[in-house]
Amino acid sequence: MSRPDPTRSTALLIGTATHSQQALEDLPAVRANVTEMARLVTTGPVDLVAVERCTQLLDLAHPGEAGVTIAERCGEAEDLLLVYYAGHGLLDDNGELFLALSGTNPRPDWLKYTAIPFSWIRDAMRDSPARTRVLILDCCFAGRALNTMSAADVENGLADRSEIQGTFTLTATSDNVAAIAPVGAEHTAFTGELLSLLRHGPPVRDGHPDGEDLTLSAVYRHLAVTLPSQGLPRPRQRNTDLAADLVLRPGSGTAAAREVTLSEETAVVVLPAQVEPRPVLDTLRRPQRLFHPLHRALLRVQRRRLAVSVGIAALYTVILLARLVVPEVTPSRGGWPGAEVLLTIFDISVAAVGTGLALTAASDARQGFPGDARIKWGLAIVIWGVVAMLLVVTVAMRVLVPLLGDYSRIVVPLGACVTALGLWWFGGQKAKDEGGVLRMWWRTPFVVAVVFGAVTALYATPDPMLGETRFLSLLKSHALGELWTLAGFLTIGFLLVVQFQDLLTGHLALAKRPLVVSLSKQGIGIQTRTHNRFIAWHHLDRIFVAGNILVIAFKRDYPEVEKPREFTYSTQLGGFPVADLRHFPHSRAEILHALSHFAGATLHGVTPPAPHEDWLPTRPDGKPALRYSDRWSTQ
């Protein structure tokens, strides 16, 4: 006997309750079949698959909508693959089985265009890497009476037609027998009894030992006795490769489930308590506390970046303080002979740290922190821009002084400064014309580099005509090192202020965005600071989770004017993003469990978040937020 690993198992539940063709009767119980089956297989004590790995396909219109999903779900299963279908089963002229959809035309020559060929499921399950495969079919052929899904004469039953190596196949009927769907019943007859078994376990009167595990073979034995005794069709099964030993519902009396402890006088057998069903959330509420643990987790990236900046700021502070002390102990003042070497090390260190910060700026921009990236790039512009401008102005002065006269010694640096200041002013005017957005972010560090470089060149080369330059003396006197240290100290201080503001504003924004999502069997309630809306499930085509975003999609005939204007429609997601799951103090599995319980078959299309999106905040349209102004802005 074996139990599957829910995190490596997959369930695909397909059902068709409504039909556009009058020749096919609607089966309202099918919707309840799929919903309850999904709830049971994803919760204790059955707990066969994880919630996010259970896919429900209800009332699909065309087979193309199901084909890719069937192949993908079957291909991703590693331990258990469970495929369930409830609805009308149809045969074409060649006796091939087709599974009806909402838009299926029951004419035999139209089935291959409007229904799911069973061969799709058979081939997908056969190619699946799953260790155990289970196929459950609650169907036969087109209904001949109001309360039946009727059968027709065929040579072999559904179980024989669906033989797949390594698979347990369980079908509702045999040849020429109607699969009953009682009028007014919550479930179809076959699935209703199956759900009862999963929910409560088999009664002792079946000969099933009390407290033993419920396996697939035990399920069939129970159904084969119970259903005919009620005047219902006898199900059929086919088992290959011992798949029938799969444990669907663990019991409390097996040897594996018992913990035996011995004392000196007697042996005491302690049976584990019955597995309680996982509690279902009915209200998802964002925390309003400023420094809630959830908010700290959401802002962990900002906190880590701030901690790194604090460390770099401490390094700059130590170097700056050391620069104030070391000159007092230089050899010229009768102090330590190694002071000059230490100052040179400081010069190289601050230049290296500033350059290293600039090298991380591209990564910051990719991760959604362009402001930090610009500050770091600005430091690199100041460090190396001063050196570049110093060399350019010095060379220009050496060339122009012999040609234009001695006054060009002042005109060249002054012209460079005026040009830089003009560019700075023009960049600000351009930003105002474009709505106040600072496009030329580099203009301030550029102006600083030009002015400092030009002025330094003016004093470093007092008389170019003599062929003398004091550029090297700037390095020897550590004047450039002092400039780099001061620029780095001020820049990292500015970066600390920006990152601290980013962190604090993030906490404030998260705490100030109230959102309550209420779930019930009737629908979903969404309450924000300015709106309070209730949407019934029957108005929704689906409710799904794309990555970390909870999205609702309305039916095509839902009035456009009634759709929520407070939510942004995302063409990328195909619906209205309602919330970011990470903003709630509940796990993703708990939220999906609640949605599956209340939304039922309306919930489908669940996809895990991509690795690069798992930490990044999200905009209202579902796309990653790359600017701080977009962060935490989901309604």
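The values are calculated or read from the model by the stated rules, or taken from the named source; none is laboratory data. Because the structure is predicted, anything quoted here is derived from the model rather than measured. Glycine gets a Cβ as well: all are built from the backbone with ideal geometry, and neighbour counts include every protein chain shown. For accessibility, only protein heavy atoms count, side chains too; no ligands or nucleic acids. Shrake-Rupley method; radii C 1.70, N 1.55, O 1.52, S 1.80 Å.
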Name every residue in segment 28-49 that is part of a loop (DSSP other than H, G, I, E, B) and open to solvent by less than 10 Å² (accessible area, probe 1.4 Å), in order of residue number. Thr42, Thr43, Val46, Leu48, Val49
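Results for (1) over 33 Å from the mean Cα position of the chain (by Cα); (2) free of Cβ contacts under 8 Å to residues at least 40 places away in the same chain; (3) open to solvent by 30 Å² or more (accessible area, probe 1.4 Å), shown as yes or no for each residue.
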{"site": "Leu486", "(1), (2), (3)": "yes, no, yes"}
{"site": "Leu504", "(1), (2), (3)": "no, yes, yes"}
{"site": "Ile524", "(1), (2), (3)": "no, no, no"}
{"site": "Arg533", "(1), (2), (3)": "no, yes, yes"}
{"site": "Ala536", "(1), (2), (3)": "no, yes, no"}
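Can you work out which of the residues in segment 613-628 that are in contact with a strand residue (DSSP E or B) (Cβ under 8 Å, 6 or more places away or on another chain) and more than 18 Å from Leu515 (Cβ to Cβ) is modelled with the lowest pLDDT?
Checked segment 613-628; the qualifying residue modelled with the lowest pLDDT is Pro624.
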Just give me the residues in segment 296-354 being modelled with pLDDT under 80, touching a Gly at 6+ places or on another chain (Cβ under 9 Å) and open to solvent by 90 Å² or more (accessible area, probe 1.4 Å), in sequence order. Glu328
Which residue, of Arg556, Arg513, Arg470, is open to solvent by 80 Å² or more (accessible area, probe 1.4 Å), more than 30 Å from Ile410 (Cα to Cα) and at pLDDT below 80? Arg513
How about segment 476-526: which of its residues are closer than 30 Å to Gly385 by Cα and of a type in the set (Val, Ile, Thr)? Thr485, Thr491, Ile492, Val497, Val498
Only one of (1) open to solvent by 90 Å² or more (accessible area, probe 1.4 Å); (2) outside any helix (DSSP H, G or I); (3) modelled with pLDDT of 80 or more is not met by Pro279, so which one is it? (3)
From Ala71, Ala23, grab the single residue that is open to solvent by 30 Å² or more (accessible area, probe 1.4 Å) and either at pLDDT 85 or above or farther than 26 Å from Ala189 by Cβ (or both). Ala71
